[in-house]
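Student: Below is a structure I'd like to ask you about.
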Amino acid sequence: MSFDVAFILSTLPAFLKAVGVTLQVGLIAIVTSLLVALVNAAILVYRTPYLQRVVQLYVELARNTPLLIQLFFVYFALPSLGLKISGFAAAIITMTFLGGAYLTEVLRAGVEAVPRAQLESGRSIGLSEAQLLWHVILPQAGLLSLPSLFANFVFLLKETTVVSAVAVPEILYTTKSYIALYYKTYEMLAVLTLICVLLFLPLSLLLRYLEGRLQHGQFGS
Amino acid sequence: MSALIEFEGFNKFFGDQQVLKAVDLQVRRGEVVVILGPSGCGKSTLLRCLNGLESADGGHLRLGGEELLAPGTDWRQVRQRVGMVFQSYHLFGHMSVLDNLLLGPLKVQKRQRHEALAQAQALLARVGLLDKRDAYPRQLSGGQQQRIAIVRSLCMNPEVMLFDEVTAALDPEMVKEVLQVIQGLARDGMTLLIVTHEMAFARAVADRIVFMDAGRILEQNDPESFFSNPQTARAQQFLEKFSYMESLPKKMPAKELS
């Protein structure tokens, strides 16, 4: 079997762009998911009546349906209701829907892991509830959630490959296009695998390093 | 002179259970009051009510003549006047010692940083921990953390300090360093309310012993009278448990093997 290196080289500019799209979708989705999760976690932690039920329902729905089906629903079903959106927008919406649910649980668990005694201790020196949240609860909850937060960031980035299904030109879509056009299946899958390893593995390592640094800086050991 | 702290007919319930029953207690400015009693007698709850960590269910509670149980009481204000130290220190684990000490003065009292810092360092030096100012709580021993927790409360310049079994989680060597700090405060004339099981310490530091059982104050007296001549049967029984340890016979020397 021949391995067409020249062909691979000719596709690299396109793959470079695809990596850009993957990172763009992934990073935007991480930020929007985090925003959604912050609001949801606050609702859950403060046990807001009614809204709490809505958030719980959302989390269960989002975590127990496949991402691909969510994506098809947003991309194909919403237009029939008169909402026409691009593949890119559908990708961001769906990724946020899924990521928001996972991160909600991560943040809620983090806040609930802060010992109650820390709250009493903060109140006993006269901190207001807002100051307590800002100076005591959030920093500690953040540190407690860091490992699972970072794991979910990497998870979301990897899941971006699913949005190739609605023609967002990220790495998997680009791979499939080249395979369909030139039948270079072996070469293209090799490139895709290599890109995934080069993209996600260093990221995982970087996040682990940051996590260690942050916790060291905060807790001093 | 009227009392600085005044509980009058003070009641507290946890669910159906009444944990404080019509408690009357007055503490003068500068007085050191030690509250003794068996576990679950309500002594910790009494302190926590004074700091607003528990809400009251009737009666009166006055601080400097001001009714605290009236609606609209600003507990944040009260807590700056009434410092509280807990059994398990509860320092903020994500902050250095200095940040722990400065959080209240800077964020709650909005004081100048250099002034609050100078006070924090002076108090740290006083408890012998100035060299630990940049350490994190988990790098410190229990006794060191507890002394820092005391300084954290003192940095708010409170009128009263509440100590809730602050040596109960410490080993005997560390108990000493913490008790010395409290004794120093007592000597300075600070108003202290102390819940403890360290009987010898109670006897040494208290102006008055308050003995509680099942949510009531059964007896109040100066330490010498209380320890040498408790008035109630319950207090006698309570004190016997402590003297029992001291009166245990020494273990017989093992017979030498022949």
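Student: Can you find, within region B:94-119, the residue that is most open to solvent (accessible area, probe 1.4 Å) among those that are among the basic types (Lys, Arg) and not in a loop (DSSP other than H, G, I, E, B)?
Tutor: The selected residue is B:Arg113.
Student: I've got another one for you. Going by the structure shown, is B:Gly65 at pLDDT below 95 and facing another protein chain (nearest Cβ under 9 Å)? Please lay out each step first, then the result.
Tutor: Values: at pLDDT below 95: yes; facing another protein chain (nearest Cβ under 9 Å): no.
Taking the combined requirement at face value, the residue does not satisfy it.
Student: Would you mind stating whether A:Leu149 is closer than 20 Å to A:Ala91 by Cα and open to solvent by less than 40 Å² (accessible area, probe 1.4 Å)?
Tutor: On the way: closer than 20 Å to A:Ala91 by Cα: no; open to solvent by less than 40 Å² (accessible area, probe 1.4 Å): yes.
So A:Leu149 does not fit the description; no.
Student: Would you pick out the residues in region B:120-143 that are open to solvent by 40 Å² or more (accessible area, probe 1.4 Å) and outside any loop (DSSP other than H, G, I, E, B)? Before you say what the answer is, go through the steps one by one.
Tutor: Just the residues of region B:120-143 that are open to solvent by 40 Å² or more (accessible area, probe 1.4 Å), to begin with: B:121-122, B:125-126, B:128, B:130-134, B:136, B:138-139.
Of everything in region B:120-143, those that are open to solvent by 40 Å² or more (accessible area, probe 1.4 Å) and outside any loop (DSSP other than H, G, I, E, B) turn out to be B:Gln121, B:Ala122, B:Ala125, B:Arg126, B:Leu130, B:Asp131, B:Lys132, B:Arg138, B:Gln139.
Conditions (1) of a type in the set (D, E, K, R); (2) touching a strand residue (DSSP E or B) at 6+ places or on another chain (Cβ under 9 Å); (3) modelled with pLDDT under 95, marked per residue:
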{"position": "B:Asp131", "(1), (2), (3)": "yes, no, no"}
{"position": "B:Ser153", "(1), (2), (3)": "no, yes, no"}
{"position": "B:His197", "(1), (2), (3)": "no, yes, yes"}
{"position": "B:Ile209", "(1), (2), (3)": "no, yes, no"}
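Student: Here is a follow-up. Which of the numbered conditions does B:Met174 fail, given that it passes all the others? Conditions: (1) open to solvent by less than 40 Å² (accessible area, probe 1.4 Å); (2) closer than 21 Å to B:Phe163 by Cα.
Tutor: (1)
Student: Among (1) open to solvent by 30 Å² or more (accessible area, probe 1.4 Å); (2) of a type in the set (Val, Ile, Thr); (3) within 14 Å of another protein chain (Cβ to nearest Cβ), there is one condition B:Val166 misses while meeting the rest; what is its number?
Tutor: (1)
Student: Within region B:68-80, can you find the residues that are more than 14 Å from chain A (Cβ to nearest Cβ) and under 23 Å from B:Gly42 (Cα atoms)? Give the derivation first.
Tutor: Taking region B:68-80 and keeping what is more than 14 Å from chain A (Cβ to nearest Cβ), we get B:68-72.
Listed by number, the residues that qualify are B:Leu68, B:Leu69, B:Ala70.
Student: Next question, about the same structure. Could we say that B:Gln119 is touching a Lys or Arg at 6+ places or on another chain (Cβ under 8 Å), over 30 Å from B:Gln26 (Cα atoms) and more than 12 Å from chain A (Cβ to nearest Cβ) here?
Tutor: Working: touching a Lys or Arg at 6+ places or on another chain (Cβ under 8 Å): no; over 30 Å from B:Gln26 (Cα atoms): yes; more than 12 Å from chain A (Cβ to nearest Cβ): yes.
Taking the combined requirement at face value, the residue does not satisfy it.
Student: Ok, one more. Residue by residue through region B:81-93, note down the ones that are assigned to a loop (DSSP other than H, G, I, E, B) and either more than 12 Å from A:Pro115 (Cβ to Cβ) or more than 7 Å from chain A (Cβ to nearest Cβ) (or both).
Tutor: To start, the set of residues in region B:81-93 that are assigned to a loop (DSSP other than H, G, I, E, B) comprises B:86-93.
The answer is B:Gln87, B:Tyr89, B:Leu91.
Student: So, one more: Restricting to region A:141-163, count the residues that are modelled with pLDDT under 90 and not aliphatic (A, V, I, L, M).
Tutor: Summing the residues that are modelled with pLDDT under 90 and not aliphatic (A, V, I, L, M) in region A:141-163 gives 5.
Student: Do we have A:Ala37 as surrounded by 21 or more Cβ atoms within 10 Å (Cβ to Cβ) and under 21 Å from A:Lys158 (Cα atoms) here?
Tutor: yes
Student: Cβ contacts < 7 Å: first residue without any contact (Cβ under 8 Å) to a residue 40 or more places away in the chain and farther than 19 Å from A:Pro66 by Cα, restricted to region A:98-114; second residue among the polar types (S, T, N, Q) and open to solvent by 10 Å² or more (accessible area, probe 1.4 Å), any location; separation 6+ or different chain. Result?
Tutor: A:Val114/A:Gln140
Student: Go through region A:8-43 and give me each residue that's small (Gly, Ala, Ser) and in contact (Cβ under 8 Å) with a residue 24 or more places away in the chain.
Tutor: Taking region A:8-43 and keeping what is small (Gly, Ala, Ser), we get A:10, A:14, A:18, A:20, A:26, A:29, A:33, A:37, A:41-42.
A:Ala14, A:Ala18, A:Gly26, A:Ala29, A:Ser33, A:Ala37, A:Ala41, listed by residue number.
Student: A further question follows. Just name the residue that is modelled with the lowest pLDDT out of those in region A:170-210 that are basic (Lys, Arg) and closer than 19 Å to A:Asp4 by Cα.
Tutor: Step by step, filter region A:170-210, then rank; the result is A:Lys184.
Student: Within the group B:Ala233, B:Ala202, B:Ala214, which residue is crowded, with 19+ Cβ neighbours inside 10 Å, of a type outside the set (D, E, K, R) and either more than 26 Å from B:Val178 (Cα to Cα) or touching a strand residue (DSSP E or B) at 6+ places or on another chain (Cβ under 8 Å) (or both)?
Tutor: That would be B:Ala202, the only listed residue that is crowded, with 19+ Cβ neighbours inside 10 Å, of a type outside the set (D, E, K, R) and either more than 26 Å from B:Val178 (Cα to Cα) or touching a strand residue (DSSP E or B) at 6+ places or on another chain (Cβ under 8 Å) (or both).
Student: Among the residues of region B:54-62, is any within 14 Å of chain A (Cβ to nearest Cβ), closer than 18 Å to A:Gln118 by Cα, open to solvent by 30 Å² or more (accessible area, probe 1.4 Å) and touching a helix residue (DSSP H, G or I) at 6+ places or on another chain (Cβ under 7 Å)?
Tutor: yes
Student: Would you please list the contacts, defined by Cβ atoms under 6 Å and residues six or more apart or on different chains, that run from a residue in region B:48-69 that is within 14 Å of B:Phe14 (Cβ to Cβ) and in contact (Cβ under 8 Å) with a residue 40 or more places away in the chain to a residue that is assigned to a loop (DSSP other than H, G, I, E, B) and open to solvent by 50 Å² or more (accessible area, probe 1.4 Å)?
Tutor: B:Ala56/B:Leu69
Student: May I ask you to verify whether B:Val23 is surrounded by 16 or more Cβ atoms within 10 Å (Cβ to Cβ) and more than 16 Å from the chain's Cα centre (by Cα)?
Tutor: Yes; evaluated as a whole, the condition is true for this residue.
The values are calculated or read from the model by the stated rules, or taken from the named source; none is laboratory data. As the structure is a computational prediction, the values presented were derived from the model and not from experiment. We place every Cβ from the backbone using ideal geometry, glycine too, and count neighbours over all the protein chains shown. Heads up: the accessible areas ignore ligands, DNA and RNA and are worked out on the full protein's heavy atoms, side chains in. Shrake-Rupley method; radii C 1.70, N 1.55, O 1.52, S 1.80 Å.
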